[in-house]
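Here the structure is laid out as structure tokens; the discussion comes afterwards.
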Amino acid sequence: MQRPTECANKFYLEDDGTSPVEEFLDTLDLKTRARVYWSIEQLRLR
């Protein structure tokens with residue numbers, strides 16, 4: 001799934017370049033993932 005283009009969040013990266021947070025988010029169903037990204041964006045705007 002492509003992430004929203006307006007979303008410019010940076011997630012934690014392991015030394016090997018993997019991102020556990022993004023890997024977890026990719027396991028979520030589409031509706032839940034959209035809600036999480038929306039929530040993150042709301043926090044970023046505050």
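The values are calculated or read from the model by the stated rules, or taken from the named source; none is laboratory data. Everything quoted here is computed from the prediction, not taken from an experiment. Positions of Cβ are backbone-derived with ideal geometry, glycine not excepted, and every protein chain shown enters the neighbour counts. Areas reflect the complete protein model, heavy atoms only, side chains present, ligands, DNA and RNA absent. Shrake-Rupley method; radii C 1.70, N 1.55, O 1.52, S 1.80 Å.
Counting the residues of segment 19-46 that are of a type outside the set (Asp, Glu) and surrounded by fewer than 11 Cβ atoms within 10 Å (Cβ to Cβ) gives 9. It is to be established whether one or more residues within segment 28-42 are in contact with a helix residue (DSSP H, G or I) (Cβ under 9 Å, 6 or more places away or on another chain), among the basic types (Lys, Arg) and modelled with pLDDT under 95. No, segment 28-42 contains no residue that is in contact with a helix residue (DSSP H, G or I) (Cβ under 9 Å, 6 or more places away or on another chain), among the basic types (Lys, Arg) and modelled with pLDDT under 95. Pairs are defined by a Cβ separation below 9 Å, a sequence spacing of at least 6 or placement on different chains, a first member in segment 27-39 that is free of Cβ contacts under 8 Å to residues at least 60 places away in the same chain, and a second member that is open to solvent by 50 Å² or more (accessible area, probe 1.4 Å) and acidic (Asp, Glu); the pairs so defined are 33/26.
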